[in-house]
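Shown next, in structure tokens, is the structure this report addresses.
The values are calculated or read from the model by the stated rules, or taken from the named source; none is laboratory data. In this text, all values refer to a predicted model and were calculated from it rather than measured experimentally. All Cβ positions, even for glycine, are placed from backbone atoms using ideal geometry, and neighbour counts span all protein chains on display.
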Ligand code: GLU
Ligand code: ZN
């Protein structure tokens, strides 16, 4: 019998979606896809103080943009719903009560003042045992129930079995064992307001939702022994655990704001493409085929497996990501790239004041310009500045910029005058034809090709370094080219 694979991404909507979350979601998605399994989204929204609806919206927006989806979740439902923990409170309460009845959990009436004092005392005396002192552990269930019935506020704590060792196998890290003494003493599983803590809700849901594999970041590893105990006390089999190494910055510290963008929103705004982000993040802590860098989502789905995960921490390399982005930019058709880049052009004021949309002819020029810069950018947001000269006359650079090496001003004026005559024919030729044509013209005039092109380039683009000249001439059109050359000639002839 083959096992039905079910896994999940279970974010807490207390922040924007970031690289670490994307990696967890993606690995779960890829694993499920590779096994004909089911990938589930569950919102772990029990931390009400840090919850914000905007983060839920950000989650949906992010995954819509990324283009991979769960097949059960809060927005689409499914057989194991609801998929939002705050809508499942009754279930957690029921399960906490079941543990109470089995004597595996107990009511605790300690006030926060008592717990604060306890913590202070432990800190002052550098106590070996820290955390809750199990003060209420020996209250009998009936005593506890009576006080609760009388209206006293209580939390429910888990009775961590004394003197035992908790063992489980992590499919990546191997055999794990923790002495129960090393596990947080009798953690709260249900708060006094009836909300569960992470541990209870997570375990109850993974069980009730039929989760077969828990694939999550290693920061959750310390919680796992506690989860294993919960599974045991409930009498349930626990899922397969697989804790993937954290994503680090280049300095070996956990990836954070200090290293650069970390939220998916920021990457999106800077002009990364979802395909590049997915491709790169899929390689953070995993390797697939030797020597292969570029993977489509479909390819990743078929080649992903748990044994391709690495135990070593993954290092996030912004340069590598931008290389990937450049690759995916080059794979776009001109039209597709133009659609992606257009919002950046509009915002950068390429077509008038910032926010102004292009008319049809400028939109067409923008599309044509994509072919000129596709090979030269790695981020969408770099595009407007690279092609601004096509939409507005660039400022004239200093005279010296026009003059080719070893030549002087009069010679430069001659060269530009020759170039002026070539603009109309060049504009009607393809790149390869244009190249042959201008070579012939240079030879006929007895000048070097480079010397002929340089003043022309500076006159048309405002710079010695620019996107390809022939494409530029075609996009600008003869009239605009002539007017820019005349403006340059006027400047040169003033001297
Ligand atoms: N809610 C936890 C998180 O924010 C879930 C951890 C887990 O996958 O168990 O990542
Ligand atoms: Zn207590």
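Counting only helices (runs of 4 or more DSSP H) that sit wholly inside the range 251-364, those with at least 1 residues that are farther than 17 Å from residue 23 by Cβ are 264-270, 297-303, 318-331, 334-347.
Of everything in the range 181-193 that is modelled with pLDDT under 95 and touching a helix residue (DSSP H, G or I) at 6+ places or on another chain (Cβ under 9 Å), the residue that is farthest from residue 92 (Cα to Cα) is 182.
Among the residues making up the range 154-183, a single one is within 16 Å of ligand 1 (Cβ to nearest atom) and closer than 14 Å to residue 230 by Cα: 168. Among the residues making up the range 1-47, a single one is away from ligand 1 (no atom under 14 Å from the Cβ), assigned to a loop (DSSP other than H, G, I, E, B) and closer than 22 Å to residue 201 by Cα: 5.
Looking across the range 350-364 at every residue that is touching a residue at least 12 places away in the same chain (Cβ under 8 Å) and under 16 Å from residue 385 (Cβ atoms), the one that is surrounded by the most Cβ atoms within 10 Å (Cβ to Cβ) is identified as 350. The residue pairs whose first member lies in the range 212-227 and is farther than 19 Å from residue 185 by Cα, whose second member is part of a strand (DSSP E or B) and modelled with pLDDT under 95, and whose beta carbons are closer than 9 Å, counting only pairs six or more residues apart or on different chains, are 217/247; 219/254. Filtering the range 455-495 to residues that are touching a helix residue (DSSP H, G or I) at 6+ places or on another chain (Cβ under 8 Å) and at pLDDT below 95 leaves 491, 492, 493, 495. Among the criteria (1) on the phi > 0 side of the Ramachandran plot; (2) in contact (Cβ under 8 Å) with a residue 40 or more places away in the chain; (3) surrounded by fewer than 17 Cβ atoms within 10 Å (Cβ to Cβ), the one residue 186 does not fulfil is (3). Restricting the range 62-80 to residues that are free of Cβ contacts under 8 Å to residues at least 60 places away in the same chain and over 17 Å from residue 37 (Cβ atoms), the residue that is farthest from the chain's Cα centre (by Cα) is 77.
Counting residues in the range 304-321 that are within 20 Å of the chain's Cα centre (by Cα), without any contact (Cβ under 8 Å) to a residue 60 or more places away in the chain, within 29 Å of residue 33 (Cβ to Cβ) and surrounded by 20 or more Cβ atoms within 10 Å (Cβ to Cβ) gives one or more. Among the residues of the range 462-482, those identified as touching a residue at least 60 places away in the same chain (Cβ under 8 Å) and within 19 Å of residue 404 (Cβ to Cβ) are 462, 463, 464, 466, 468, 472. Residues in the range 107-129 that are part of a loop (DSSP other than H, G, I, E, B) and either within 16 Å of ligand 1 (Cβ to nearest atom) or in contact with a strand residue (DSSP E or B) (Cβ under 6 Å, 6 or more places away or on another chain) (or both): there are none. All conditions in (1) surrounded by 15 or more Cβ atoms within 10 Å (Cβ to Cβ); (2) touching a strand residue (DSSP E or B) at 6+ places or on another chain (Cβ under 7 Å) hold for residue 165, with the sole exception of (1). Out of 105, 96, 117, one residue alone is more than 23 Å from residue 48 (Cβ to Cβ) and either more than 12 Å from ligand 2 (Cβ to nearest atom) or in contact (Cβ under 8 Å) with a residue 40 or more places away in the chain (or both). It is 117. For the range 130-213, the strands (runs of 3 or more DSSP E) that sit wholly inside it and include 1 or more residues that are more than 16 Å from ligand 2 (Cβ to nearest atom) are 165-170, 174-179.
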